[in-house]
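Scroll down for the structure; my scribbles are underneath it.
The values are calculated or read from the model by the stated rules, or taken from the named source; none is laboratory data. For clarity, every value in this text was computed on a predicted model and none was experimentally measured. Ideal geometry is used to build each Cβ from the backbone, glycine not excepted, and the neighbour counts take in all protein chains shown.
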Amino acid sequence: MKIKFLGVGSGLSTGLGNTSFVVNDKVLVDCGFTVPEALKKYDLLDKIEAVIITHIHSDHVGGLEMLGFYNYFVRKERIELTAPPKLLKPLWKNCLKGGMRHIQNQHGAPLKATLSTYFDAATSRGHALGKSVVQEYLVFRFNTTPHVPEKESYCLSIEDSSRTRQAKNGHLVYYSSDTSSVNVEEIKDHALTFHDCQLFHTGKGDVHTSYKRLLKEVPDELKNRVWLVHYGDADQAAALKKDCPFAGFVKPGQEFNI
Ligand SMILES: [Zn+2]
């Protein structure tokens, strides 16, 4: 399995791109507002077959309007959109409908579009147990994760259903997405983790996981399988790099073969 990170920044970072990655050049995980340009840059815009969404913040969904329009008008095909059931309605109603509801057909007549005009919107079948097979051997499993209070947010496990690859149980990658907590069991259970990392720590209800918290809560023997993403200040990350006990800070464009 190949993973390529399009961006690694936090929602407020400029220059690092929104945190998102592409699996095997086909499956896009999260689609923030910087993602369409990055897909174009890496020659992936016409190759994406499915997009997976972890929660509704513009650095995770802000590029969907462009991606939907591009696929509808230019590629003339719908790609698969996978998200936990509770996200799909608000994603359309509160996010995309304003820009995407009204289009016209080939005769110039008004057309009222819905989410399924643009995307083949498959939902996972439940939360913790939800599974959506988007490639022959890969299973993407959602789990709830705490982020902003009362906000639906999910982390993602990528599993090899054939169980022939690196991890014995087939659990290849744990992507925490945006989360305020460290789930040691998930880290232990996967060959590789990409974890939310906020470089500052307030100790007062942070909605992201601070570097300080990761240092404290990820057991030492697991730190070298944890890569850090969604960080905000490249200079500060570079400074921390020297003594970083984790696998490292992922760079925009970095690839992993797992
Ligand atoms: Zn978020």
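For the condition modelled with pLDDT under 95 and not in a loop (DSSP other than H, G, I, E, B), what is the one hit in LEU91, LEU81? Break it down into steps so the answer makes sense when it comes.
On the way: LEU91 fails: modelled with pLDDT under 95.
None of the others qualify; the one that does is LEU81.
Does LEU16 fit the bill of being aliphatic (A, V, I, L, M), within 16 Å of the ligand (Cβ to nearest atom) and over 14 Å from the mean Cα position of the chain (by Cα)?
On the way: aliphatic (A, V, I, L, M): yes; within 16 Å of the ligand (Cβ to nearest atom): yes; over 14 Å from the mean Cα position of the chain (by Cα): yes.
Considered against the rule, which asks whether it is aliphatic (A, V, I, L, M), within 16 Å of the ligand (Cβ to nearest atom) and over 14 Å from the mean Cα position of the chain (by Cα), LEU16 comes out as yes.
Of all the strands (runs of 3 or more DSSP E) wholly in the range 143-214, which have at least 3 residues that are under 25 Å from PRO252 (Cα atoms) and within 16 Å of the ligand (Cβ to nearest atom)? Steps first, answer last, please.
Numbers: elements: 154-160, 171-175, 192-196.
By residue number, 154-160, 192-196.
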Q: Filter the range 135-162 for residues that are among the hydroxyl-bearing types (Ser, Thr, Tyr), under 15 Å from VAL23 (Cβ atoms) and surrounded by 17 or more Cβ atoms within 10 Å (Cβ to Cβ) and give the result.
A: SER157
**Q.** In the range 26-57, the residues that are touching a Phe, Trp or Tyr at 6+ places or on another chain (Cβ under 9 Å) and either among the polar types (S, T, N, Q) or more than 24 Å from CYS95 (Cα to Cα) (or both)
**A.** THR54
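Residues checked against (1) surrounded by fewer than 20 Cβ atoms within 10 Å (Cβ to Cβ); (2) closer than 26 Å to GLY11 by Cβ; (3) free of Cβ contacts under 8 Å to residues at least 40 places away in the same chain; (4) not polar (S, T, N, Q):
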{"residue": "HIS60", "(1), (2), (3), (4)": "no, yes, no, yes"}
{"residue": "GLY63", "(1), (2), (3), (4)": "no, yes, no, yes"}
{"residue": "ARG75", "(1), (2), (3), (4)": "yes, no, yes, yes"}
{"residue": "LEU81", "(1), (2), (3), (4)": "no, yes, no, yes"}
{"residue": "LYS86", "(1), (2), (3), (4)": "yes, yes, no, yes"}
{"residue": "GLY98", "(1), (2), (3), (4)": "yes, yes, yes, yes"}
{"residue": "GLN106", "(1), (2), (3), (4)": "yes, no, yes, no"}
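Mind listing whichever residues of the range 33-55 are assigned to a loop (DSSP other than H, G, I, E, B), within 15 Å of the ligand (Cβ to nearest atom) and over 20 Å from ILE158 (Cα atoms)? Explain how you work it out, then say what you get.
Here is the first cut: in the range 33-55, the ones assigned to a loop (DSSP other than H, G, I, E, B) are 33-34, 42-49, 53-54.
From what's left, within 15 Å of the ligand (Cβ to nearest atom): 33-34, 53-54.
Hits for the range 33-55 are PHE33, THR34.
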